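Trainee: My questions will all concern the structure given below.
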Amino acid sequence: MTRGYVTGRWGQVHYRASGESGPTVVLVHESPISSEEYAHALPELGRSVRAVAFDTPGYGLSDPPPAPQEIPDYAAALLEAADVLGLGDFAVVGTHTGASIAVQMAVQADPGRVTHAVLSGIPLMRPETRAMLLETWAPETPPRPDGSHFAEVWARYAAQGDPPPDFITTLACSLFSVWERYNWAYNAAFRYDPAPDLPSLTCPTLFLTAASDLLLRADERALRVVPDGRLTVVEGRSHPLPWCVPERFAREIAAFVAGG
């Protein structure tokens, strides 16, 4: 696996890459982690595809935008990063916030450039649910002298589909490393309504989701409105998929991109 930077509209965009041949796959992470979400899966993906996982601007090692952005803005920034890397046609993979960005990348790209989409946790939900999440999910809470905000963050993520402790640790550390803006992409995702965009996806689309994912039902609803969609649900303690079951995750993506 290699790592590097490209220059984007808001500064440097960090990426991890694996593989030198086969179809190109671009991966976009959930909030508030980074491309480290895919660190276990990238070597497996690199056996059969050329995989590139970006840090969304403002997360991981990518420079932040000057102010909060919307999902289409993040998608445009990552398409530009893909251009700078010389990526031509590619399949796009996104998890949670990354799924929303992935949909917008497919919508914004030149026709036919995005060959496949693999989505997990697309926020297809009622407007009142999105409004509630926007109000409550990622509040701007300043650090407290007693450190209780650390425990609150741990408890919040531990309740999301029973992820393993090492992933919660990585997620929490990622959040605290961008504490002043950790909720920018979260809130962009809650403001984004994918309903108008999903029917316009012209590429084969796979909803690849863990049975324990809190957004499984949203993926099931989204499946009904995409023109060429299918659903694969992975049972067991497998959320998030690229972290918990990297071999299965990579195998599903490689098979879908090759034959979907």
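The values are calculated or read from the model by the stated rules, or taken from the named source; none is laboratory data. These numbers were taken from a predicted model, which means no experiment stands behind them. Positions of Cβ are backbone-derived with ideal geometry, glycine not excepted, and every protein chain shown enters the neighbour counts. Please note that ligands, DNA and RNA were not included when accessible areas were found on the heavy atoms of the full protein model with its side chains. Shrake-Rupley method; radii C 1.70, N 1.55, O 1.52, S 1.80 Å.
Trainee: Could you calculate the contour length gain from residue 159 to residue 195, that is, 0.36 nm times the residue separation minus the distance between their Cα atoms, to one decimal place in nm?
Mentor: Difference between extended and current length: 10.2 nm.
Trainee: Let me ask something else. Could you compute the FRET efficiency for residue 20 and residue 228, with r as their C-beta to C-beta distance and R0 at 35 Å, rounded to 0.05?
Mentor: My answer for the efficiency is 0.75.
Trainee: As a check on your grasp of the helix formula, calculate [θ] at 222 nm for the chain: sum -39500 (n - 2.57) over DSSP H runs of n ≥ 4, divide by the residue count, round to the nearest 500.
Mentor: -11000 deg cm²/dmol
Trainee: Among bridges DSSP assigns within the chain, what percent are antiparallel (round to 5)?
Mentor: Looking only at bridges with both residues in the chain, the antiparallel portion is about 30 percent.
Trainee: Using only the alpha-carbon atoms, what does the chain span along each of its principal axes? Please give whole angstrom values in decreasing order.
Mentor: Largest to smallest, the principal-axis extents are 53, 38, 32 Å.
Trainee: Then there's this: Cα-based Rg of segment 113-241 per 2.2 N^0.38 Å, rounded to two decimals?
Mentor: 1.17
Trainee: According to a simple spin-label model (label point 7 Å from Cα along Cα-to-Cβ), what is the distance in nm between residue 110 and residue 1?
Mentor: About 3.1 nm, to one decimal.
Trainee: Taking GluC sites (Glu not before Pro) as exposed when DSSP calls them loop (any state but H, G, I, E, B) and at most 10 other Cβ atoms lie within 10 Å, what is the longest stretch of the chain free of them, the sites themselves excluded?
Mentor: Maximal segment without exposed cleavage sites: 21-139.
Trainee: On to the next question. Enter the angle in degrees (range 0 to 90, nearest 10) between the Cα long axis of helix 165-177 and the first principal axis of the Cα atoms of the chain, meaning the one along which they spread out most.
Mentor: For helix 165-177, the angle is close to 70 degrees.
Trainee: Now for a separate question. Arrange the peptides 211-217, 98-104 so that the one whose residues have, on average, the most other Cβ atoms within 10 Å appears first.
Mentor: Put in order of decreasing packing, that is 98-104, 211-217.
Trainee: Can you list the residues, at least 5 places off or on another chain, whose amide H is less than 5 Å from the amide H of residue 116, using H built in the peptide plane?
Mentor: So residue 116 has HN proximity to 91, 92.
Trainee: Hey, got the dipole for segment 111-198? About the Cα centre, +1 on K and R Cβ, -1 on D and E Cβ, debye to the nearest 20?
Mentor: 240
Trainee: Additional query: Quick one: with all protein chains in place, what share of the accessible area of segment 180-260 is carbon or sulfur, to the nearest percent (1.4 Å probe)?
Mentor: Here it works out to 51 percent.
Trainee: Quickly work out the residue 137-to-residue 89 label distance, labels modelled 7 Å from Cα along the C-beta direction, and quote it in nm with one decimal.
Mentor: Going by the 7 Å Cα→Cβ label model, 3.3 nm.
Trainee: Could you provide, to the nearest whole Å², the per residue accessible area of the chain with probe 1.4 Å?
Mentor: Normalised by residue count, the accessible surface of the chain is 40 Å².
Trainee: Compactness ratio of segment 205-260: Cα Rg over 2.2 N^0.38 Å, N = residue count?
Mentor: 1.11
Trainee: While we're looking at this one, here's another question. Compute for segment 107-150: radius of gyration divided by Kirkwood radius, i.e. Rg/Rh, restricted to C-alpha atoms, rounded to two decimals.
Mentor: Value, to two decimals: 1.24.
Trainee: Kindly give the semi-axes, whole Å and largest first, of the ellipsoid equivalent to segment 1-143, taking each as the square root of 5 times a Cα gyration tensor eigenvalue.
Mentor: Semi-axes (√(5λ), whole Å): 25, 17, 15.
Trainee: Note the angle between two axes, namely the Cα long axis of helix 148-158 and the longest principal axis of the Cα atoms of the chain, as a number of degrees from 0 to 90, rounded to the nearest 10.
Mentor: That works out to roughly 40 degrees.
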